[in-house]
Amino acid sequence: MEKHRSAFLEYARSFFSGDPEKDRYLQLKVDHTFRVCSHAAVLTAEENALRAPAVGRALSLAALYHDVGRFEQLKRWNTFSDAQSCNHGLLGASILKKKEFLDGENREVRHRTIAAVAMHNRFALPAALRGDLLLIVAAVRDADKVDILRIMASQLGPDSAADNTMLLHLKDTPGVCSPAILTALREKRMARYMDMRTFDDFRLLLCTWLFELRFAASLRAIRENGCFNSILDGFTGAPDVKAEAAALVENRLNADPSPRPA
């Protein structure tokens, strides 16, 4: 994997301009990538099905390259919002092919890695997805969400300084929540980015991510880092909505994980 880590870093650093304001976002994505790799390794260590050589290899590579499209996205559109630019998962899959990062890997590992990068940010996975590929994609999605939640806790806490790029250009409109986001939370399903308008929408949307997590180690990591304490402390909406969200989060974090991918 060291060869791949070096290739990833060389590619990422090629986008650095020397402008600290722009480069800090790129460095954030580099740091995020390696934390996703670390959590993917935890999942591999705890899940027997992920330890099969071809599965574990594809998961490690997909975790490393999952956000490879973010660098070109920021350069071309100056945003991390897919809605305002492009699907960064599909862009990343295209870059993997174009740059031949996976040359030297066997065909099965290449296919699984590219597919996982392409699907890691999809709202919903294809119903036909099964077996080892579903396991790999689910693990990458879990690892990605675990670290994004940690990052967003620093952005959406009560005393956080809002960053326009990190918060996807949403409005800080205290007390305003999208009914669609709140409905998704109450129905225990993942909310859609397209329904977000305010910071509080983002806070509630992040709560709904818990219903998408597939592995016990991911729920444990979130319990231990306490990210939702900060995310919900920053909530400015009605106290009863905040209490409802906090109860749903608490119940999910202390429940058994949802069934693992078949």
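Send over a whole-number figure in Å² for the accessible area per residue of the stretch 81-169, probe 1.4 Å. Can you show the working numbers first?
Working: 3940 Å² over 89 residues.
It amounts to 44 Å² per residue over the stretch 81-169.
Listed highest first by mean packing, meaning other Cβ atoms within 10 Å per residue, what order do 31-43, 10-22 come in? Show your work: numbers first, answer last.
Details: 31-43: 19.4, 10-22: 11.6.
In descending order of packing, they fall as 31-43, 10-22.
Run the helix sum for the chain: -39,500 (n - 2.57) per DSSP H stretch of 4+ residues, divided by residue count, reported at 222 nm to the nearest 500 deg cm²/dmol.
-20000 deg cm²/dmol
Translational diffusion coefficient, Stokes-Einstein: compute it for the stretch 1-123 using the Kirkwood radius over C-alpha pairs as Rh, at 20 °C and 1.002 mPa s, and state it as an integer in µm² s⁻¹. Spell out each step's value before the answer.
Details: Rh = 14.8 Å.
The calculation lands on 145 µm²/s.
Among 194-203, 171-180, how do they line up from the highest to the lowest mean number of other beta-carbon atoms within 10 Å? Show your work: numbers first, answer last.
Details: 194-203: 20.8, 171-180: 13.9.
Highest mean packing first, the order is 194-203, 171-180.
Report the full-extension gain for the segment Ser6 to Ala161: residue separation times 0.36 nm, less the Cα-Cα distance, to one decimal in nm. Write out the running numbers ahead of the final one.
Working: separation 155, 0.36 × 155 = 55.80 nm, distance 3.32 nm.
Gain on extension, Ser6 to Ala161, equals 52.5 nm.
For the stretch 136-245, divide the Cα radius of gyration by the Kirkwood radius and give the resulting Rg/Rh value with two decimals. Don't jump to the answer; show the numbers that get you there.
Values: Rg = 13.2 Å, Rh = 14.0 Å.
When Rh is taken as the Kirkwood radius, the ratio is 0.94.
Translational diffusion coefficient, Stokes-Einstein: compute it for the chain using the Kirkwood radius over C-alpha pairs as Rh, at 20 °C and 1.002 mPa s, and state it as an integer in µm² s⁻¹.
Numbers: Rh = 18.9 Å.
The estimated diffusion coefficient comes to 114 µm²/s.
Using a Förster radius of 22 Å, what is the FRET efficiency between Lys98 and Leu129 based on their Cβ-Cβ separation? Nearest 0.05, please. Intermediate results must be reported in sequence, preceding the final value.
Numbers: r = 25 Å, r/R0 = 1.12.
For R0 = 22 Å, the calculated efficiency reads 0.35.
Ranking request for peptides 45-54, 69-78: highest mean number of other beta-carbon atoms within 10 Å first, then the rest in descending order.
Numbers: 45-54: 13.6, 69-78: 18.1.
Ranking, from highest mean packing down: 69-78, 45-54.
Determine how large the accessible area of Tyr193 is when every protein chain is in place; take a 1.4 Å probe and give Å² rounded to the nearest 10.
120 Å²
Ignoring any ligand, DNA or RNA, what whole percent of the accessible area of the chain comes from carbon and sulfur when the probe is 1.4 angstrom? Intermediate results must be reported in sequence, preceding the final value.
Details: 6070 of 12100 Å².
Carbon and sulfur atoms account for 50 percent of the accessible area of the chain.
Please list, or write none, the lysines whose alpha carbon is within less than 22 Å of the alpha carbon of Lys145, excluding same-chain residues fewer than 8 places away.
Qualifying lysines at Cα under 22 Å: Lys29, Lys188, Lys242.
The values are calculated or read from the model by the stated rules, or taken from the named source; none is laboratory data. It should be emphasised that the depicted structure is a prediction, and the values quoted were computed from it without experimental measurement. Here the Cβ is made from the backbone with ideal geometry for all residues, glycine too, and neighbour counts use every protein chain on show. Please note that ligands, DNA and RNA were not included when accessible areas were found on the heavy atoms of the full protein model with its side chains. Shrake-Rupley method; radii C 1.70, N 1.55, O 1.52, S 1.80 Å.
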